[in-house]
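Before any comments, here is the structure.
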Amino acid sequence: MTAQPDFFWSYLPYWAVSYGLALIGWTCIGRFLMTGFLPPDHPNYIFKFFRLLTNWAVWLTDWITPRFIGLRFVPLVTAFWAFALRYVAHFIFAANGMAPSLVQAAS
């Protein structure tokens, strides 16, 4: 089995955007789950890291989220938007030939 030697480097913008949005989405899910048994200002180092990593995204989502959605659920809404943006970004990258494909192009 042979692989392209530049598989990672030739698609670096795609990987950076994809993994960055996945990191934000999954961290927001973890943050939401941790709020089930930790208060919002708990000094747990993992919870503090999750808040540090996602505060900016939660703040942006909170700005556009209707008020009838409780503050406790805003990280879940943020995760939804992160995954939706990742999905859209994949198709934008693929349409411009900047995403890896499973099918080798015919020469």
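The values are calculated or read from the model by the stated rules, or taken from the named source; none is laboratory data. All figures in this text were calculated on a predicted structure; none of them were measured in a lab. Quick reminder, even Gly has a Cβ in these numbers, built from the backbone with ideal geometry, and neighbours come from all protein chains shown.
Couple of notes before you dig in:
- Scan of the range 68-107 for residues that are in a loop (DSSP other than H, G, I, E, B) and over 30 Å from Met34 (Cβ atoms), ordered by number: Asn96, Gly97, Met98, Ala99, Pro100, Ser101, Leu102, Val103, Gln104, Ala105, Ala106, Ser107
- Verdict on Val58 being of a type in the set (Val, Ile, Thr), part of a helix (DSSP H, G or I), more than 16 Å from Leu23 (Cα to Cα) and under 17 Å from the mean Cα position of the chain (by Cα): no
- Close contacts from the range 80-107, counting a first residue that is more than 25 Å from Arg31 (Cα to Cα) and among the hydroxyl-bearing types (Ser, Thr, Tyr) and a second that is surrounded by 10 or more Cβ atoms within 10 Å (Cβ to Cβ) and at pLDDT 90 or above, with Cβ to Cβ under 8 Å and a gap of 6+ residues or different chains, come to Ser101/Ala94.
- Residue count, the range 1-38 (criterion: loosely packed, with under 14 Cβ neighbours inside 10 Å and part of a loop (DSSP other than H, G, I, E, B)): 8
- The range 61-79 - residue that is aromatic (Phe, Trp, Tyr) and either without any contact (Cβ under 8 Å) to a residue 24 or more places away in the chain or surrounded by 17 or more Cβ atoms within 10 Å (Cβ to Cβ) (or both) and, of those, nearest to Gly20 (Cα to Cα): Trp63
- Any hit, the range 39-54, residues being touching a Leu at 6+ places or on another chain (Cβ under 7 Å), surrounded by 12 or more Cβ atoms within 10 Å (Cβ to Cβ) and in a helix (DSSP H, G or I): yes
- Filter result for Ala89 (surrounded by 14 or more Cβ atoms within 10 Å (Cβ to Cβ), within 14 Å of the chain's Cα centre (by Cα) and at pLDDT 95 or above): yes
- Phe50 being in contact (Cβ under 8 Å) with a residue 12 or more places away in the chain, among the aromatic types (Phe, Trp, Tyr) and under 13 Å from Leu21 (Cβ atoms): no
- Close pairs (8 angstrom Cβ cut-off, 6 or more residues apart or separate chains): closer than 11 Å to Phe73 by Cα in the range 32-44, at pLDDT below 95 and outside any loop (DSSP other than H, G, I, E, B) anywhere: Phe32/Arg72; Thr35/Arg72
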